[in-house]
Amino acid sequence: MKSPLVSIIIPYHNEAEFVARALQSLVKQDYPKERIEILAVNSNSSDNSREIVEFYAKKDNRIKLFDNPQGFTPISLNIGVKNAKGDFITKSDAHTIYPTDYISKCVRYLEEYKTAAVGGVTYNVPAAQTLAAKAIILVLGSPLGGGGSFRQGGDKPRLADTAYGICYRKEVFRKVGLFNERLIRSQDFDFNLRLTQSGGKILLAPDIALTYYPKQKTIISFWRRNFLDGIWAILPLKFGSPIFKPRHLAPLVFVSTTLATAVGSIFWKPLIWISVVILTLYFTAALYFSLKIIAREKNLLLFPFLILAFAARHFAYGLGSIIGAFRLLTPGK
């Protein structure tokens, strides 16, 4: 009996620094070679990442090239889905290195647990050998800074609202539809929410361990990323998306309450104490988790970068969510 055909979709935009490693790991899967196809979708790259992908495509005819002139990730993903021939379809990432048993484990878990999708956990690696870059990945892996269960790991498979490197059954797309092309960001959260709300189950398998390289190398770039993520935690509601999980809304509540009480104290001074209490509790938590990380990493020099990275994670995300809420209430796109 033939193994199921698996289609790997890998959208990319200006990924010259990372895409070769991703492709190298995908072509070395221990799954039967003839039962894998790789659909690489270029989103208007201005660097030489397309040439890099072409180089690998010439060496391996399983790699198929597609172009997305419009440039947005959900359109690239949908190009991949529409052209996929596989029984299972994975949403892959150019910033990731995949273990050799990634596909075989995805297929095994899907067949064993009969879920609609399965994914793994990420182990973040700094994009540069600097204290700032290391602090960023340590914050992302911390319970205070983590964005989901796929960053926290675990000891056994369990159902979750999302996972990383998800492999879907092809029929999921016939039932739920495609990725929302109006969502420049957060299209994967939106899709997974629609999937689970339709009754589909996502299995998080912690032994599917993927290595992820965040693009952000500085605190400023990390701030910008979280600000944009904050906007797109709220703005998808404007385009028919279900509301995201409480963890996506927490920074909005935190920052908006702090700002509202600080501004309100101009008119009624006791309100300033609410802001003081909120900020004191927040920075106490940030201090606690920073000290735990320092003790584990045995590097005191990380301390100021950890505090700044935690602040960038939450304040930027919260401010972005406020902007997203304003855009939600204004007409137009």
Review point. Whats the longest run of the chain with zero chymotrypsin sites (Phe, Trp or Tyr not before Pro) that are DSSP loop and have at most 10 other Cβ atoms within 10 Å?
Key: 1-266
Practice item. Express the relative contact order of the chain as a whole percentage, based on alpha carbon pairs under 8 Å and six or more residues apart in sequence. Key: 18
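Take the alpha carbon gyration tensor of the stretch 220-329, find the square roots of its eigenvalues, order them as a ≥ b ≥ c, and report rounded if a/c is under 1.5; if not, report prolate when a/b exceeds b/c, else oblate.
Values: a/c = 2.45, a/b = 1.25, b/c = 1.96.
Oblate, since a/c reaches 1.5 and b/c is not below a/b.
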Review point. Taking the chain as a Gaussian network, Cα atoms linked when under 10 Å apart, which of Gly120, Gly264, Gly318 shows the biggest mean-square fluctuation?
Key: Gly264
Study note, to complete from the structure: Scoring only Lys, Arg, Asp and Glu (+1, +1, -1, -1) among other residues with Cβ under 11 Å from the Cβ of Ala160 yields +2
Check your understanding: Amide H to amide H, which residues 5 or more places from Asp47 or on other chains are under 5 Å from it, using H placed in the peptide plane?
Key -> Asn14
Practice item. Could you pull out every one of the aspartates and glutamates with an alpha carbon less than 16 Å from that of Lys64, ignoring same-chain neighbours closer than 8 positions? Key: Glu34, Glu37, Glu51, Glu54, Asp93
Review point. Check Leu39: other-chain or 5+ apart residues with amide H under 5 Å from its amide H, H built from backbone geometry?
Key: Ile8, Ile9, Ile10, Lys64
Point to revise | Amide hydrogen neighbours beyond the local backbone of Ile208, cut-off 5 Å, H modeled | key: Val121
Exercise for review: Find the relative contact order for the stretch 1-67 and round it to a whole percent, using C-alpha pairs within less than 8 Å whose residues are 6+ positions apart.
Suggested key: 41
Study note, to complete from the structure: Phi angles of the stretch 95-112, converted by Karplus (6.51 cos²θ - 1.76 cosθ + 1.60, θ = phi - 60°) into ³J(HN,Hα) in whole Hz with x for Gly and Pro, give 8, 10, 10, 9, x, 4, 9, 4, 5, 4, 5, 4, 5, 4, 5, 5, 6, 6
Exercise for review: Would you kindly derive the ³J(HN,Hα) couplings of the stretch 189-206 from the backbone phi angles with the Karplus curve 6.51 cos²θ - 1.76 cosθ + 1.60 (θ = phi - 60°), listing them in order in whole Hz, with x for Gly and Pro?
Suggested key: 4, 4, 5, 5, 5, 4, 5, 5, 5, 7, x, x, 10, 10, 9, 9, 10, x
Review point. Given springs between every Cα pair under 10 Å in a Gaussian network model of the chain, which of Ile220, Ile166, Ile272 has the largest fluctuation?
Key: Ile272
**Study point:** Integer Hz, Karplus 6.51/-1.76/1.60 couplings in order for the stretch 161-178, x for Gly and Pro
**Key:** 8, 6, 7, 10, x, 5, 10, 9, 6, 4, 5, 4, 6, 6, 7, 8, x, 8
Point to revise | Set of aspartates and glutamates with alpha-carbon distance to Lys175 below 20 Å, sequence-local pairs under 8 removed | key: Asp87, Glu111, Asp161, Asp188, Asp190
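For Cα pairs less than 8 Å apart in space and 6+ apart in sequence, what is the mean separation divided by the residue count of the stretch 220-329, i.e. the relative contact order in percent? Please report the intermediate quantities before stating the final value.
Details: 112 pairs, mean separation 60.4, N = 110.
This gives 55 percent for the stretch 220-329.
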Exercise for review: Please build a GNM for the chain, connecting alpha carbons under 10 Å apart, and tell me which residue among Ser241, Ser92, Ser221 fluctuates the most.
Suggested key: Ser221
Point to revise | Loop-located trypsin sites (Lys or Arg not before Pro) in the stretch 164-203 whose Cβ has at most 14 other Cβ within 10 Å (DSSP) | key: Lys201
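Read-outs throughout are calculated quantities, based only on the coordinates presented, and are distinct from any laboratory measurement. Values in this document were obtained by computation on a predicted structure and should not be read as measured data. In this analysis, Cβ positions are derived from the backbone assuming ideal geometry, glycine residues included, and neighbour counts consider all displayed protein chains.
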